[in-house]
Amino acid sequence: METTEAKLKERIKELTCLYEVSSIIVNSDYDQLEPSLDAIAYCLKKALRFGDDAQVVLMSKDYRAETEGNNEKLVSLMSDIKVFNKVEGFLEVGYPVDKYSKSDFLEEEEKLLENVAIAVGNLLERKQIRDSEIAVKRQMERTDRLHILGEITAGIAHELNTPLANILGFAELLKEKTSGDDNIRDLEKIMDNAIFSREIVKKLMFFACEMPQEMKAVQLNSIIENVLKLLTPSLREKKIKLTKSFNNENIELKADTVQLTQVLFNLIMNAVYYSPEGGQIDVSVTEEEKKVRICIADEGKGIDPKNGDKIFEPFFTTKPTGDGSGLGLSVVHGIINSHKGAISHEPNTPKGTIFTVDFPKL
């Protein structure tokens, strides 16, 4: 039978544990929770009646912390860790089964375990709230930047259109009046670069939403077939194997034909660019109950995780200078948003990237 002094000693240990756990949580670094969870596990171990023999395991969806010990067979108590009222882990304390039984746990220790599990759940909730706030803030900052950039871009595009048209027009007139292969080649270079610059201006205007949309019902399958025909030389040059699948031969969308073609061309052309020679690209279209999903998978080097949030930003590119303007995916993103769709990416297996585009069903 426990003496009053022994009971008091146990209560002091339990209260000390709760105080220390609170202090650990208050001083936790949300970017590195592992040390805090390890410290909580050791605090709980010290608070138990037979702390020297006790083992503590703290497990959640993203974290694991445990005290030292190699006993596989334990008699234990367990309490759920709940995050926003959803069980996402557990907290377990145990003794070696060959030395202890369930009766060696005190009733107060069970309550202590529940209180610590609640505290850990609160800590994980705070981390999720903090992470969500940071994500929302980052998204708002990005939206503000894109809005300002859109206004600037629209102005630049309009200003550039006139001189580019003049350069192209006068170069064509000079070509008609000029003789000599060298002179004609020089003029053709001027015209080619002017056309290339005009295409960049078009992309800028798409990004700034300055190009009017002509929304109508379109046949998605035929648009994809046309894009693949345009890209046949590029596919053949890199000996890329292309597979395509449609779960319905007659899929319709409400979309702007030119803009939808640009989205598909950019995504498939990117897949071709990053694919190794002899690689494979899979294009699949699935008509679901409320949406149409387009998946484009390649076997390239994949997207570096640190660039995952940047690839849709204007002027961001991983291509060498001269190979890309960094506007392709930002334009794609803008067009898809204007069609009330969504675009995402994920790693392919064993390597590469899968871009997924969802459009609302007609």
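For the reader, a short list of remarks on this structure follows.
- Charge dipole magnitude, Cβ of K and R +1, D and E -1 - the chain, Cα centre, debye nearest 20: 860 debye
- The charge dipole of the range 4-135, taken about its Cα centre with unit charges on the Cβ atoms of Lys, Arg (+1), Asp and Glu (-1) only, comes to about 240 debye.
- Extension gain (nm, one decimal) between Arg126 and Lys238, 0.36 nm per residue minus Cα-Cα: 35.3 nm
- Its Cα centre serving as origin, the range 215-360 has a Cβ charge dipole (Lys and Arg +1, Asp and Glu -1) of approximately 200 debye.
- Over 31 Å apart at the Cα level, from the set Lys241/Lys319; Lys61/Lys310; Lys229/Lys290; Lys216/Lys239; Lys216/Lys238, are Lys216/Lys239; Lys216/Lys238.
- Relative to the current alpha-carbon distance between Lys99 and Asn307, full extension at 0.36 nm per residue lengthens the span by 69.5 nm.
- Simple label model, 7 Å out from Cα along Cβ direction - Met78 to Lys361, nm: 4.1 nm
- Subtracting the Cα-Cα distance of Ser197 and Lys46 from 0.36 nm times their residue separation leaves 47.3 nm of extension gain.
- Within the straight-line cut-off of under 17 Å between alpha carbons, the aspartates and glutamates reachable from Lys177 are Asp186, Glu188, sequence neighbours fewer than 8 places apart in one chain being disregarded.
- Based on Cα contacts under 8 Å between residues 6+ apart, the chain shows a relative contact order of 10 percent.
- Rough spin-label spacing in nm, given labels placed 7 Å along Cα→Cβ, for Thr4 and Leu106: 1.6 nm
- Using C-alpha pairs under 8 Å with a sequence gap of at least 6, the mean separation divided by the residue count of the range 1-80 gives a relative contact order of 24 percent.
- Under 20 Å from the Cα of Lys99 - lysines, other chains or at least 8 residues apart: Lys45, Lys46, Lys73
- Selected from Phe355, Phe105, Gly334, residue furthest toward positive end of dipole (the chain; charges at beta carbon): Gly334
- Positive-end residue of Ser60, Leu124, Gln259, charge dipole of the chain with Cβ unit charges: Gln259
- Highest-first arrangement of 336-344, 119-127, 131-139, 282-290, where packing means the average Cβ count within 10 Å: 119-127, 336-344, 282-290, 131-139
- Ile118-Glu225 FRET efficiency (beta carbon distance; Förster radius 56 Å; 0.05 resolution): 0.45
- In the chain, the calculated helix contribution to ellipticity at 222 nm averages -17500 deg cm²/dmol per residue, counting -39,500 (n - 2.57) for every DSSP H run with n ≥ 4.
- The structure-derived value of Rg/Rh (Cα atoms, Kirkwood Rh) appears in the list [x] 0.99; [y] 0.97; [z] 1.20 under the label [z].
Coordinate-derived values only; no laboratory data. Keep in mind that this is a model prediction, so the values were computed, not measured. As a convention, Cβ positions derive from the backbone with ideal geometry for all residues, glycine included, and neighbour counts pool all protein chains shown.
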